Amino acid sequence: MRIEFLAHASFLFTDRRGVKFMTDPYESGSFSGRVGYEPIDEAPDVIIITHDHRDHSHTETIPGDFEVVRHEGVSRGVPVRSVPVFHDMFEGTRFGGTIDLKVFTIDGITICHCGDIGELLDDPEKRAAIGAIDILIIPTGGYYTLGPEGAAEVTRRLKPKIVIPCHYKTAKCGFDIAPVDPFLTHFETVEKVGETSIEITSEALPTSTKCVVLEMRYC
């Protein structure tokens, strides 16, 4: 499987068949220009959405003929599950209730995309609903989502083989959130790939959690 970081919280997963799954596409220029990443011009086969905010659910200008999975189901042979979690540390009262964290398996590798998670997953039933995962994609910028410390705590609780940070401050992100570096300090093993994508096989997954930092394609 190939994972490419498009920008913000949007990723592209390409399986061994060449089928492309995109998560949480953003609207370029939304939020009064604070989402300053270039428009996505990749044509996916499937778009998986965690919630309906414009920096996570913009499909109108995405090219191609694609399916959209907003809640759950099986698309192009890939099962997608939703686990409702709060958008903020105030039980969803600040930023719009819950989002549907997504869990899906591609080429034998189980991915959890946290969307705009804002809670620490204190509830063991929620952690059990997520289940065992190989790759965790988690926001780390804070304010609208978990910050560096909270995201690190959720990572410790879910115990993925690989954690990939997203939704953090960059030169093209005008949100008042933290950059990625404070999150990285919580991990003994950090790999800065220096590229926008990485190839991962189930056989090559690490035995303990490694933090992998990808460059953004549209940054």
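The values are calculated or read from the model by the stated rules, or taken from the named source; none is laboratory data. All figures in this text were calculated on a predicted structure; none of them were measured in a lab. As a convention, Cβ positions derive from the backbone with ideal geometry for all residues, glycine included, and neighbour counts pool all protein chains shown. Please note that ligands, DNA and RNA were not included when accessible areas were found on the heavy atoms of the full protein model with its side chains. Shrake-Rupley method; radii C 1.70, N 1.55, O 1.52, S 1.80 Å.
Annotations
- Here residue 86 fulfils each of the conditions (1) open to solvent by 30 Å² or more (accessible area, probe 1.4 Å); (2) touching a residue at least 24 places away in the same chain (Cβ under 8 Å); (3) within 27 Å of residue 45 (Cβ to Cβ); (4) not hydroxyl-bearing (Ser, Thr, Tyr) apart from (3).
- Boolean, residue 66 is in contact (Cβ under 8 Å) with a residue 40 or more places away in the chain and touching a Cys at 6+ places or on another chain (Cβ under 9 Å): no
- Residues (buried (at least 17 other Cβ atoms within 10 Å of the Cβ) and hydroxyl-bearing (Ser, Thr, Tyr)) located in the range 115-145: 140, 144, 145
- Selection from the range 112-146 of residues that are assigned to a strand (DSSP E or B) and either closer than 22 Å to residue 208 by Cβ or among the polar types (S, T, N, Q) (or both): 112, 113, 135, 136, 137, 138
- Residue in the range 29-42 that is in contact with a Phe, Trp or Tyr (Cβ under 6 Å, 6 or more places away or on another chain) and surrounded by fewer than 16 Cβ atoms within 10 Å (Cβ to Cβ) present: yes
- Scope the range 43-63; condition open to solvent by 40 Å² or more (accessible area, probe 1.4 Å), without any contact (Cβ under 8 Å) to a residue 60 or more places away in the chain and not acidic (Asp, Glu); matching residues: 43, 54, 61, 63
- Number of residues in the range 163-202 that are among the hydrophobic types (A, V, I, L, M, F, W, C) and not in a loop (DSSP other than H, G, I, E, B): the value is 8.
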